Amino acid sequence: MSSGASSSNMPGPASPPAQLLVDIGSGRPESNGLDYAPLDGQDGAPTLEPAATVIQSIPGDTHPVDVHVSILNEASTSGVRIPSYQNQTAADIESGRSRLDSVGSFSSGASDEALLSSTSGTVSAPAGTVGPAPASPRRPAPASHFPRRENLPLLRGRHHARHQYEEIDEHLNNFPDDPHFTELIRQAELAIDNGILPERIYQGSSGSYFVKNPDGKVIGVFKPKDEEPYGRLNPKWTKWMHRLCCPCCFGRSCLIPNQGYMSEAGASLVDQKLGLDVVPKTKVVNLASDTFNYLRIDIEKARAKRMVYEHFPKVGKRFHRLGLPPKVGSFQTFVEGYKDADQLLRRFEVEPLSEAVSKDFQFRFEQLVVLDYITRNTDRGNDNWLINYERPDLKSDNSSTTTGDAEAGPSSGSGVESWGLVEPSKIDIAAIDNGLSFPFKHPDSWRTYPYHWAWLPYAKVPFSKKVKDLVLPKLADMNFVQDLCDELYNLFKTDKGFDRHLFEKQMSVMRGQILNLTQALKDGKSPLQLVQMPVVIVERSRGHVGTTERFRSFSDTFTQRFQSKSPFFSWC
């Protein structure tokens, strides 16, 4: 191979090599266009031959490694000492061996430090040569040609943890199956960023907040986990006094502590699966606000981070979070125009509903009964479910005179006002406050926690055919019940304190409730007769015959038993 080919085939730093190429040229230096200078200004001095180019591909690296080795011609003039292996000192020999080892380490998986110290270096010419000295093989290449290895994606080091945190933040409060709810949470977050903070609700026994949108309109109710009645940051001092003065009577022994937010979301899931549509949509979200109840240390840490970020922005950008830590809790959409059921039920005693409206209310009431009985809500009083009742509205319609006598009354000359259009009444029910549902056992200690709707006259009416057609085909299908348990499992397991054993007990109680409800619907019983049925618990058998989903209905076996122990008080 000629020397001209050697110089023309020499790739630049940006061209990735595909093979190992060794090219040693021959001939006079002036024939290949390379600029060489004689030794000590003598014309007959030995000249340097064209450099040998060694290009080695390194697996996984996108930059070639070029090593230029200058070789002296064997011809020499008198008085000029040509270094060779025989006349070199021991130190020179060891130095040359170390340089060769560094070059050979490119293809032998050497460390990044050797790679950085040896890439694109050249072996320096012997002493006595005149001209620009080649770069030392131990000197790192310029950063523009070979970027630092720690900046590559696989060697990010400390930046990798922050990248994971940012990915987690992007997936918070994101519900791909419900874009409308996702947008609702985005509005709540935007409002908090703009200074429109959630407002604490002073009723109730836990910390709950009205969440608003950027326009200041209430769009939901947020209940943080750590501010529940059993939570360590509950802002209500009455519960704190209750736990301090009477710990033996504090809480409900049939419920898992600090799981109220999961019960809220679980009741909404059951409502959607059965098509009841009585629970406002509820999901588990993460929110942060200055109006929430935080520990003092969290408040001071957030304040210190903001000060550092304002005075030292470069340092502040390294913080994972500047504000308060987000709280996990349940977010329930806000319903407008609803009032406490206790208030309207008393009104209905004085002003009875029409027959058509009464049938609609009975149907909605039965849907509430189905939900509460399946989830075994231990806190369903008449003050924590809502009714929306719109009375008939008489509206005058003087603008239309061509649609018939029913819409256009007598002529205006008769002195009688025109007839009006009567809009039909509307009535609806919203089941809120489902945080004390899904017990892992039926109440058996002091209180029974009865359903307060069982004393209403509507509970004495047998279940309607409309409700039977809505829920009975689903509840009678064991595959549907198992799918419901699986979805509840996927929801509840996201809690940090999730216990698989307690969850299975919760599902045993729910299966027993479904069994009783199915039998009551088939027998044509009323809600009052339903709650008087013996309590049943349907447990999964400990022996597992099969585990595949295809044969789930054959492999899963259950046993039922009745609860023998009763609470001390049966009326509260």
Expressed in angstrom and rounded, the centroid-to-centroid distance over alpha carbons for the range 266-292 and the range 185-207 is 16 Å
Rounded to whole Å², per residue accessible area for the range 220-323 with a 1.4 Å probe reads 52 Å²
Burial-style ranking of 490-503, 264-277, average other-beta-carbon count within 10 Å with highest first, yields 264-277, 490-503
Taking only protein heavy atoms and a 1.4 Å probe, the highest-to-lowest accessible-area order of Val461, Val278 is Val461, Val278
Contour minus Cα-Cα span, Tyr309 to Met241, at 0.36 nm per residue, comes to 20.5 nm
Per the rule of 0.36 nm per residue minus the C-alpha distance, extending Thr291 to Leu322 adds in nm 9.5 nm
Checked against the positive end of the charge dipole of the range 458-545 (+1 on Cβ of Lys and Arg, -1 on Cβ of Asp and Glu, about the Cα centre), the farthest of Leu488, Asn516, Leu475 is Asn516
So the FRET efficiency between Asp340 and Asn490, C-beta based with R0 = 30 Å and rounded to 0.05, is 0.35
With R₀ set to 41 angstrom, the calculated FRET efficiency between the beta-carbons of Val350 and Ser253, to the nearest 0.05, is 0.50
The pairs in Lys281/Lys468; Lys217/Lys359; Lys460/Lys493; Lys225/Lys305; Lys314/Lys496 lying past 27 Å Cα-Cα in this model are Lys217/Lys359; Lys460/Lys493; Lys314/Lys496
Residue separation between Lys359 and Asp177 times 0.36 nm, minus their alpha-carbon distance, gives in nm 62.1 nm
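The values are calculated or read from the model by the stated rules, or taken from the named source; none is laboratory data. Being a predicted model, the structure only gives us computed values, none of them experimental. Cβ coordinates were reconstructed from backbone atoms using ideal geometry, including for glycine residues, and neighbour counts include every protein chain displayed. Accessible surface is based on the protein model in full, side chains and every heavy atom, while ligands, DNA and RNA are left aside. Shrake-Rupley method; radii C 1.70, N 1.55, O 1.52, S 1.80 Å.
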